[in-house]
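Below: the structure, in structure tokens.
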Amino acid sequence: HVAWGVSLDGIPGASPARLVHGLVSRLVGVDHAQVARWALAMPTGAHGSGWGVVLFRRDDAERLAGRAERVRVGSREHDLRTGPMVRLRAPTAPSRGKHRVTVDAVTPVSHLVDGRTRPIYTPTVQTITGALGDVAQRLGVSVGRIHVAAVECATVPDRVTLGGHMGSVPGWVGRIAVECNAPAAWLLACARHTGLGGRVAFGMGRVRVST
């Protein structure tokens, strides 16, 4: 397994992602790190209001799963019930050679460069190569040489308002087609769990992937 999903039942779907992120941070009880430890999402098989979290470390998921308590999200209180861990398996390793992988954004995908001052709305080979390195780092895996040969984009700009000091975060929605080698194709498949790009711990970068 490469990740573990836990549903956050009782948290209204309209709750701001920034506040849900803060709730997960408190419940997991770990300091913020440069590498995301989870992605906000709805894990497969979960029920409830729609919020869930995919965690990249099993011990984090074990601390979060199976809890029932009164929590505050912003100015409101809710009865939180966290579900059991949903084990998310690694995707099947693709055969060696060239692959064409299609990625559809479910929520805006964020790539920020130049000190997080410049957004990228049409991902390049360099953009996707860097994003796949982030996926490998989140999961703590080594896959060998990542090679992206070409990226075709049918994307448009979008933004997600996170509020607070984070303000509005830019990203892209639409579809990209990536020509790549097997390790890159495998990491793109893993992005179903980890998210793609930045701010995945706030619900950005949720993607559908087909090869």
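Of the candidates 18, 63, 96, 26, the single residue that is basic (Lys, Arg) and either closer than 25 Å to residue 125 by Cα or not in a helix (DSSP H, G or I) (or both) is 96. Look at (1) surrounded by fewer than 19 Cβ atoms within 10 Å (Cβ to Cβ); (2) under 26 Å from residue 2 (Cα atoms); (3) touching a strand residue (DSSP E or B) at 6+ places or on another chain (Cβ under 9 Å); (4) β-branched (Val, Ile, Thr) and you find that residue 178 fails only one, number (1). Here residue 196 meets the list (1) open to solvent by 20 Å² or more (accessible area, probe 1.4 Å); (2) of a type outside the set (Asp, Glu); (3) at pLDDT 95 or above; (4) part of a loop (DSSP other than H, G, I, E, B) almost entirely, failing just condition (1). Taking the listed residues 132, 88, the one that is within 26 Å of residue 2 (Cα to Cα), buried (at least 18 other Cβ atoms within 10 Å of the Cβ) and in contact with a Gly (Cβ under 7 Å, 6 or more places away or on another chain) is 88, with no other qualifying. Among the residues making up segment 97-118, none is over 20 Å from residue 39 (Cα atoms), within 19 Å of the chain's Cα centre (by Cα), open to solvent by 40 Å² or more (accessible area, probe 1.4 Å) and in contact (Cβ under 8 Å) with a residue 40 or more places away in the chain. Residues that are among the hydrophobic types (A, V, I, L, M, F, W, C) and open to solvent by less than 50 Å² (accessible area, probe 1.4 Å) within segment 4-18 comprise 4, 6, 8, 11, 17, listed in sequence order. Taking each residue of segment 146-166 that is farther than 16 Å from residue 177 by Cβ and looking for partners that are among the polar types (S, T, N, Q) with beta-carbon atoms closer than 8 Å, six or more apart or interchain, yields 146/129; 146/181; 159/168; 160/107; 160/110; 160/168; 161/168; 162/168. Restricting attention to segment 99-126, the residues being in a strand (DSSP E or B) and of a type in the set (Asp, Glu) number 1.
The values are calculated or read from the model by the stated rules, or taken from the named source; none is laboratory data. For clarity, every value in this text was computed on a predicted model and none was experimentally measured. FYI the Cβ positions are ideal-geometry reconstructions off the backbone, even for glycines, and counts take in every protein chain you see. Keep in mind that these areas ignore ligands, DNA and RNA; they rest on the heavy atoms of the full protein, side chains included. Shrake-Rupley method; radii C 1.70, N 1.55, O 1.52, S 1.80 Å.
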